[in-house]
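Colleague: This is the structure I want to talk about, given as structure tokens.
The values are calculated or read from the model by the stated rules, or taken from the named source; none is laboratory data. Just so we're clear, the structure is a prediction, and the values are computed from it rather than from any experiment. A quick note on method: Cβ atoms are made from the backbone with ideal geometry, for glycine too, and the neighbour counts reach across all protein chains shown.
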Amino acid sequence: MELMIDTEIVALILFVVIFALILVGYPVAFTLAGLSILVGYFLVPDFLDLLPLRIMGTMKNYVLLAVPLFIFMGLMLEKSGLAENLLNTMAILFGKIKGGLAISVVIVGALLAASTGIVGATVITMGLISIPTMLKRNYKPDLAAGVIVSSGTLGQIIPPSVVLVLLGSVLNVSVGDLFAAALVPGLILVVAYITYVAIYAHLYPESAPAIPAKEIDKFKSEDFVKKVVKAFVLPMLLIIAVLGSIFAGIASPTEAAAVGALGAILLTMTQGQFSMSKLSEVCKETTKLTSMVFMILLGATTFALVFRGLGGDRYLVDLIEQSALSPMMFLFLVMVVVFIAGFFIDFIEIIFIIVPVVTPIFIAMEIDLIWIGILLALNLQTSFLTPPFGFALFYLKGVAPPELKTSMIYKGVIPFLLIQILVLILVVMFPGLIGVG
């Protein structure tokens, strides 16, 4: 019994040491795997026999095939010029109203989120295209930055999202169910962003001016219908093909991801942007990102085997039960830890390190894991937006012109951050929003 207590404490020490080393800056995958193998070799019975089985089980996980396919889809669409065409067309459609350009940025951000699911790519793409346009049209820099960075993070929650695919794998729940549950919170966020922009533009019209009528008329006189179909209808067909096939039960998320990857190639061709060199570039970048994800995943699998082999999961469950923490209080603590961790480490590491540790406790407390998955995705998205450490803020600053100061980005994102927190609280208080009783 004494040995069991010692190994359980070793499991917690291992978790803390790994987390500390990652925060310091050591490579995530090798820190996870290296320390776990070292501890597992000496303290976990039959560790070397069990590890290959666990690794092969992970590598054979059919759901995880969706990760490289969705990454490929997102990167291909990023290279297609789709975002620029979408923004120009949507800006004209909403151009007559004050704040119309900002509203179009929110809608384009949502469409790109539903098309790519990759936050960094969306924020950078939107920043490169939208910031110069909005500043040129005399938009207040704070508003422009806030709209772009918040819209760019919608890819965290709006399906198909790589975050939700990975969460589904770790929580061992249906990715399709997570996609379906994420739709309503995602749409609420989009509507809330648009509502805020409309109210702001009404109160401060000089900060979000309408597009001049002459410019709108000129755009509409040059094959307007064809431009709308090419920029708006085709991406919508791709989104419907991917999500519709999942929700209708025609295809699994992995099969739908394959449809999306092929659709992204065809869409890039319709934009006249496809070339073999571009395909090669996208494939190389996809391989690089996928390799990074799976190296971390294999390290996390090794850690999970050792942590559970040492009895760390049982110890945590017992600890929480003895402390008489209510399910909501434990959920609150987990959300705070994930939120703070999101300042310093990427969502992939959080999903593979923290989530497997707390999942058994959620199961013991009989908390719906679909609900937990959506809350975690929303929480990570909120963390991405929070000054001064939010990753999305760094992405935007990296591509912003010199006149857009860091302080302007921080100031501009605050209203959207408050909206994000309100939606998160809403989903906590009303689980029925995502179909959870």
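Colleague: Failed condition for GLY155, given (1) in contact with a Gly (Cβ under 7 Å, 6 or more places away or on another chain); (2) crowded, with 21+ Cβ neighbours inside 10 Å; (3) more than 21 Å from ILE425 (Cα to Cα), with all others met?
Modeller: Status for GLY155: all satisfied but (3).
Colleague: Could I ask something else about it? Any idea which of (1) outside any helix (DSSP H, G or I); (2) under 17 Å from LEU380 (Cα atoms); (3) modelled with pLDDT of 85 or more is the one GLY117 doesn't satisfy?
Modeller: If we test GLY117 against (1) outside any helix (DSSP H, G or I); (2) under 17 Å from LEU380 (Cα atoms); (3) modelled with pLDDT of 85 or more, just (3) comes out false.
Colleague: Now a separate question. For LEU143, only one of the following conditions fails: (1) of a type in the set (A, V, I, L, M, F, W, C); (2) closer than 20 Å to MET292 by Cβ; (3) surrounded by 20 or more Cβ atoms within 10 Å (Cβ to Cβ); (4) more than 21 Å from the chain's Cα centre (by Cα). What is its number?
Modeller: Unmet condition: (2).
Colleague: Same structure again: Looking only at the stretch 182-194, how many residues end up being within 16 Å of VAL105 (Cα to Cα), in contact with a helix residue (DSSP H, G or I) (Cβ under 9 Å, 6 or more places away or on another chain) and free of Cβ contacts under 8 Å to residues at least 40 places away in the same chain?
Modeller: So the count comes out to 1.
Colleague: Name the single residue, out of those in the stretch 77-114 being of a type in the set (S, T, N, Q) and assigned to a helix (DSSP H, G or I), that is farthest from LEU243 (Cα to Cα).
Modeller: ASN88
Colleague: Please count how many residues of the stretch 285-310 are buried (at least 20 other Cβ atoms within 10 Å of the Cβ) and either among the small types (Gly, Ala, Ser) or over 27 Å from ARG54 (Cα atoms) (or both).
Modeller: Total satisfying the criteria: 4.
Colleague: Determine which member of the set ILE345, ILE372 is under 27 Å from PHE430 (Cα atoms) and of a type outside the set (Phe, Trp, Tyr).
Modeller: Result of the check over ILE345, ILE372: ILE372.
Colleague: Hey, any hits in the stretch 55-76 for a residue that's in a helix (DSSP H, G or I), basic (Lys, Arg) and either surrounded by fewer than 16 Cβ atoms within 10 Å (Cβ to Cβ) or in contact with a Gly (Cβ under 9 Å, 6 or more places away or on another chain) (or both)?
Modeller: Scanning the stretch 55-76 turns up no residue that is in a helix (DSSP H, G or I), basic (Lys, Arg) and either surrounded by fewer than 16 Cβ atoms within 10 Å (Cβ to Cβ) or in contact with a Gly (Cβ under 9 Å, 6 or more places away or on another chain) (or both).
Colleague: Keeping to the stretch 34-49, report how many residues are without any contact (Cβ under 8 Å) to a residue 60 or more places away in the chain and over 19 Å from MET295 (Cα atoms).
Modeller: The number of residues fulfilling the criteria is 4.
Colleague: Tell me whether the stretch 37-52 contains one or more residues that are among the aliphatic types (A, V, I, L, M) and either outside any helix (DSSP H, G or I) or closer than 30 Å to ALA256 by Cα (or both).
Modeller: Looking for residues that are among the aliphatic types (A, V, I, L, M) and either outside any helix (DSSP H, G or I) or closer than 30 Å to ALA256 by Cα (or both), one finds at least one in the stretch 37-52, hence yes.
Colleague: Which residue out of MET56, MET76 is without any contact (Cβ under 8 Å) to a residue 12 or more places away in the chain and among the hydrophobic types (A, V, I, L, M, F, W, C)?
Modeller: MET56
Colleague: Out of all the residues in the stretch 72-100, which are within 25 Å of the chain's Cα centre (by Cα), at pLDDT below 85 and of a type outside the set (S, T, N, Q)?
Modeller: GLY74, LEU75, LEU77, GLU78, LYS79, GLY81, LEU82, ALA83, GLU84, LEU86, LEU87, MET90
Colleague: Checking the condition among the hydroxyl-bearing types (Ser, Thr, Tyr), in contact (Cβ under 8 Å) with a residue 40 or more places away in the chain and either over 23 Å from ILE103 (Cα atoms) or surrounded by fewer than 18 Cβ atoms within 10 Å (Cβ to Cβ) (or both), which residue from SER245, SER207, SER275, SER252 passes?
Modeller: Within the list SER245, SER207, SER275, SER252, the selection yields SER252.
Colleague: Determine the pairs where a residue that is more than 21 Å from SER169 (Cα to Cα) and touching a residue at least 12 places away in the same chain (Cβ under 8 Å), located within the stretch 281-298, has a partner that is among the basic types (Lys, Arg) and in a helix (DSSP H, G or I) with Cβ atoms under 7 Å apart, the partner being 6 or more residues away or on another chain.
Modeller: These pairs meet every condition: VAL282/LYS79.
Colleague: If you go through the stretch 387-427, how many residues are of a type in the set (Val, Ile, Thr), over 18 Å from GLY127 (Cα atoms) and surrounded by fewer than 17 Cβ atoms within 10 Å (Cβ to Cβ)?
Modeller: Qualifying residue count for the region: 2.
Colleague: Among the numbered conditions (1) of a type outside the set (A, V, I, L, M); (2) surrounded by 24 or more Cβ atoms within 10 Å (Cβ to Cβ); (3) not in a loop (DSSP other than H, G, I, E, B), tell me where PRO160 comes up short.
Modeller: (3)
Colleague: Do we have ILE22 as more than 29 Å from ALA257 (Cα to Cα), in a helix (DSSP H, G or I), within 24 Å of the chain's Cα centre (by Cα) and in contact (Cβ under 8 Å) with a residue 40 or more places away in the chain here?
Modeller: yes
Colleague: To continue, here is another question. Just checking, does the stretch 164-171 include any residue being closer than 30 Å to LYS136 by Cβ and either surrounded by 18 or more Cβ atoms within 10 Å (Cβ to Cβ) or in contact (Cβ under 8 Å) with a residue 12 or more places away in the chain (or both)?
Modeller: For the stretch 164-171, residues closer than 30 Å to LYS136 by Cβ and either surrounded by 18 or more Cβ atoms within 10 Å (Cβ to Cβ) or in contact (Cβ under 8 Å) with a residue 12 or more places away in the chain (or both): absent.
Colleague: While we're on this one: Of all residues being among the aliphatic types (A, V, I, L, M) and within 30 Å of ALA29 (Cβ to Cβ) in the stretch 266-289, which is modelled with the highest pLDDT? Just the residue, please.
Modeller: Filtering first and then ranking leaves LEU279.
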